[in-house]
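**Q** Here you go, one structure.
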Amino acid sequence: MTDDELVRRIEASLDKTDEELEEELPSLLEDLEGRTEEFARENPVVFGEVVNRMEAMDVASFVSDNPNVADQFQELLWAGMNVLVEETPEVKEKITDTITVNFTATDCPMKGHLEIDDQQETVAGGAGHIDDPTLEIRGPADVLVGLITGDVDPIQGFMQQRYEMDGPVQKGTRLAPIMNTLSENIPG
């Protein structure tokens, strides 16, 4: 079970200014390490509020100032998304293809990956790259996070050249509805 005191600290930090949140987030993420999925499952609305606040953050600056926290930041984001897929039939219905993606931020040291498995109907992700991805996506950190949280529409973002994608475009178009449905179902 996630520590009630930690949940209260996270909730309290969400009421603070962006600068105060960015100052407290490294400590909160460190305290959540290894318990992010549990946190997202037990506190879906608080998780959703954290994701919504992440959209407003200067992610590149935050990651550049806190390079050791980048992996924990992604761990929280992906753990919550994994839980969301498990508990949301609308998302599972959109998973019709196996797609692997590497994400690389062009403005800070952030790398991540996404693995969609149509047989298992799962979406998993995390820090670092995987070997031989179907797609490689590069762009500013806030755009990459926006693709996950719904702040950036995958199709519009690509057409507006907000990010670059290498790999089969048809796989990208199959990825887009999954990402959109995920972001539409973030609690909070």
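The values are calculated or read from the model by the stated rules, or taken from the named source; none is laboratory data. The model shown is predicted, which means the values in this text are computed figures rather than measured ones. A quick note on method: Cβ atoms are made from the backbone with ideal geometry, for glycine too, and the neighbour counts reach across all protein chains shown. To get the accessible areas, we keep the full protein, side chains included, count just its heavy atoms, and leave off ligands, DNA and RNA. Shrake-Rupley method; radii C 1.70, N 1.55, O 1.52, S 1.80 Å.
**Q** Among the residues of the range 98-149, how many are of a type in the set (S, T, N, Q), in contact with a Gly (Cβ under 9 Å, 6 or more places away or on another chain) and closer than 23 Å to residue 55 by Cα? Steps first, please.
**A** Pass one, the range 98-149, residues of a type in the set (S, T, N, Q): 98, 100, 102, 104, 106, 119-120, 122, 134, 149.
Still in the running and in contact with a Gly (Cβ under 9 Å, 6 or more places away or on another chain): 102, 104, 106, 134.
Then drop every residue that is not closer than 23 Å to residue 55 by Cα, which leaves 102, 104, 106.
Of the residues in the range 98-149, 3 are of a type in the set (S, T, N, Q), in contact with a Gly (Cβ under 9 Å, 6 or more places away or on another chain) and closer than 23 Å to residue 55 by Cα.
**Q** Restricting the search to the range 12-36, which residues are charged (D, E, K, R), touching an Asp or Glu at 6+ places or on another chain (Cβ under 9 Å) and closer than 18 Å to residue 72 by Cα? Please lay out each step first, then the result.
**A** Restricting attention to the range 12-36, the residues satisfying the condition of being charged (D, E, K, R) are 15-16, 18-20, 22-24, 30-31, 33, 35.
Cutting the leftovers down to touching an Asp or Glu at 6+ places or on another chain (Cβ under 9 Å) gives us 16, 18, 22, 31, 33, 35.
Residues satisfying the conditions are 22, 31, 33, 35.
**Q** Here is a further query. Inside the range 113-188, counting only strands (runs of 3 or more DSSP E) that do not spill past its ends, which hold 1 or more residues that are without any contact (Cβ under 8 Å) to a residue 40 or more places away in the chain?
**A** Values: elements: 122-127, 135-139, 164-166.
Here the list reads 135-139, 164-166.
**Q** If you scan the range 57-80, which residues turn out to be among the hydrophobic types (A, V, I, L, M, F, W, C) and under 14 Å from residue 39 (Cβ atoms)? Write out each step before concluding.
**A** Of the residues in the range 57-80, the ones among the hydrophobic types (A, V, I, L, M, F, W, C) are 57, 59-60, 62-63, 69-70, 73, 76-79.
The answer is 73, 76, 77, 78, 79.
**Q** Among the residues of the range 82-106, write down those that are in a loop (DSSP other than H, G, I, E, B) and open to solvent by 70 Å² or more (accessible area, probe 1.4 Å).
**A** 96, 106
**Q** Identify the single condition in (1) of a type in the set (S, T, N, Q); (2) under 17 Å from the mean Cα position of the chain (by Cα); (3) modelled with pLDDT of 95 or more that residue 160 does not satisfy, given that it satisfies every other one.
**A** (2)
**Q** Determine whether the range 127-140 contains at least one residue that is under 16 Å from the mean Cα position of the chain (by Cα) and open to solvent by less than 10 Å² (accessible area, probe 1.4 Å).
**A** Yes, some residue in the range 127-140 is under 16 Å from the mean Cα position of the chain (by Cα) and open to solvent by less than 10 Å² (accessible area, probe 1.4 Å).
**Q** Could you check the range 152-188 and list, in sequence order, the residues that are open to solvent by 60 Å² or more (accessible area, probe 1.4 Å) and in contact with a strand residue (DSSP E or B) (Cβ under 8 Å, 6 or more places away or on another chain)?
**A** Of everything in the range 152-188, those that are open to solvent by 60 Å² or more (accessible area, probe 1.4 Å) and in contact with a strand residue (DSSP E or B) (Cβ under 8 Å, 6 or more places away or on another chain) turn out to be 158, 162, 164, 166, 174.
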